[in-house]
Amino acid sequence: MSEGKSQPQKRFPLTLDSITGAADRKKTTAMPQMKNPQTATQNVVRHTTPTPPLANSIRPAADRTANSPLVSDAVRKAMVQRLAQQGIRDTAVLAAMEAVPRHYFLEPGLASQAYIDASLPIGYHQTISQPYIVARMIEVMRGGMSGKLSRVLEIGTGCGYQAAVIAQLAEEVYSIERIRPMHELARTNLRPLRIPNLRLHYGDGMLGLPQVGSFDGIILAAAGLDVPQALLDQMSVGGRLIAPVGQRNQVLKLICRTGRNEWMAETLEPCHFVPLKPGTFG
């Protein structure tokens, strides 16, 4: 969950402020070793060779760091090449990661670190997830599909970066943030990008958005001891949910809804996220 700059122009036009508001599982336990565990302290610069462009970059209306060599298009392309080397195979995900300027979602003092493979602090004890974990979770949620997901729910908007990436890969994206200053920050960050299919909501992410309907994909940016049943119930049949689960020793879990009252869970790899909490703050 996440942070960035402020631009107090007009309100982001597509927020969801107008929206009010135990099943059997079969589990497998394949545990491949994670190449780059996400931690907020691993801010080590990695040098790689730039890769050819995969997509046109999103350009914010007023990006004051756009001309810096530390946040240039070439550096972002190098990040995408590194993701491919780390095992990300979905070319649509790689293209989306290249299209969204990650440095725009960070404070200016951290912009030079935007494209290293590390999570970074964004305030309120939250972090922007490392590029690898963002790409990995979205790739798993897509499940190898060639087109776009119809409707995706993100729990934990943070600074808005992951939501912006997901919006390149889904027809509709809804994102919930429980910390009001984070919600406002995401609105500020996303406003100049004018992403038409992304809607933000301030509320308790553990409750989801039952008013909207079912979701083909759900992605959690915070770790609970288990996935809330309310979110499982909001999955469409055939839908995929990806979430970090655990307290001290966390793992990524993929949950697929196989029937009205049937879900199948698979453990993927170790990870480290901020805790999933109920209610709202601020």
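Stokes-Einstein, applied to the Kirkwood radius of segment 118-199 over Cα pairs at a viscosity of 1.002 mPa s and 20 °C, places its translational diffusion at 164 µm² s⁻¹. Solvent-accessible area assigned to carbon and sulfur over segment 99-176 amounts to 48 percent, based on a 1.4 Å probe.
With a probe of 1.4 Å, find how much accessible area segment 136-188 has per residue, and write the answer as a whole number in Å².
So segment 136-188 comes to 25 Å² accessible per residue, rounded to a whole number.
Here the calculated FRET efficiency for residue 261 and residue 107, from their Cβ-Cβ distance with R0 = 45 Å, stands at 0.50, rounded to the nearest 0.05. Taking all protein chains together, 233, 90, 73 sort by accessible area into 233, 73, 90, largest first [probe 1.4 Å]. Straight-distance candidates among the aspartates and glutamates for linking to residue 277, with alpha-carbon spacing under 17 Å and chain neighbours fewer than 8 residues away dropped: 154, 177, 204, 226.
The values are calculated or read from the model by the stated rules, or taken from the named source; none is laboratory data. Here the structure is a predicted model, which is why all the values come from computation and not from measurement. Cβ atoms come from the backbone with ideal geometry, glycine included; neighbour counts cover every protein chain shown. For accessibility, only protein heavy atoms count, side chains too; no ligands or nucleic acids. Shrake-Rupley method; radii C 1.70, N 1.55, O 1.52, S 1.80 Å.
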